[in-house]
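A.B. asks: Can you read through this structure? Questions will come right after.
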Amino acid sequence: TSARSCTGPPAKAALCIGGRVSKQSDPHEWLRFANDDLAAAQLLLTDVELPARMACFHAQQAAEKALKASLVHAAIQFRKTHDLVVLVALQPEPVRSAVGNLDLQQLQQWAVDARYPADLPDITAGEAGAVVAIADQIVAAIGVALQANGPA
């Protein structure tokens, strides 16, 4: 896909690099990356040799990137953050309603701490499966919202 030129609302213009729209301003790229992380999380759940926390990390990343896809699509500016609660609060309707009642804290704790030795509790494959399921709901809801609203 060729890069688009920088025309459009100021919120999107801020994501221009060298006169071209950055991939970071393409909500479908954000959603593609979210789906990649979700697929990785699901695959990691199937390998009993790998720690379940790795699936949780990728699940959190999938949710975060999907939420950012929705914000980019709606031309809502956001600061760099891993905080899912903040990202959900910024969401337009109907996304906020669709994901606002999910247990974001189950995902949130895996944003950074899963990558480093920390005082996180061990997590079973079953518990990790529940975390991945929350991310799946977020990614799916945003995929539907982006399709319903058409191209950015």
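A.B. asks: Say whether the condition of being surrounded by fewer than 18 Cβ atoms within 10 Å (Cβ to Cβ) and part of a helix (DSSP H, G or I) is met by at least one residue in the range 42-62.
C.D. replies: First, the residues of the range 42-62 that are surrounded by fewer than 18 Cβ atoms within 10 Å (Cβ to Cβ): 43, 46-51.
Filter again for part of a helix (DSSP H, G or I), leaving 43.
Yes: the range 42-62 contains one or more residues that are surrounded by fewer than 18 Cβ atoms within 10 Å (Cβ to Cβ) and part of a helix (DSSP H, G or I).
A.B. asks: Sticking with this one: Is there a residue being over 21 Å from the mean Cα position of the chain (by Cα), surrounded by fewer than 18 Cβ atoms within 10 Å (Cβ to Cβ), basic (K, R) and at pLDDT below 95 anywhere in the range 23-39?
C.D. replies: Going through the range 23-39, the residues over 21 Å from the mean Cα position of the chain (by Cα) turn out to be none.
No.
A.B. asks: Under 6 Å by Cβ, and 6 or more places apart or on different chains, what pairs join a residue from the range 95-118 that is modelled with pLDDT of 90 or more with one that is surrounded by 18 or more Cβ atoms within 10 Å (Cβ to Cβ) and part of a loop (DSSP other than H, G, I, E, B)?
C.D. replies: none
The values are calculated or read from the model by the stated rules, or taken from the named source; none is laboratory data. Please read these numbers as outputs of a predicted model, since none were measured by experiment. Please note: Cβ atoms are built from the backbone with ideal geometry, for glycine as well, and neighbour counts cover all protein chains shown.
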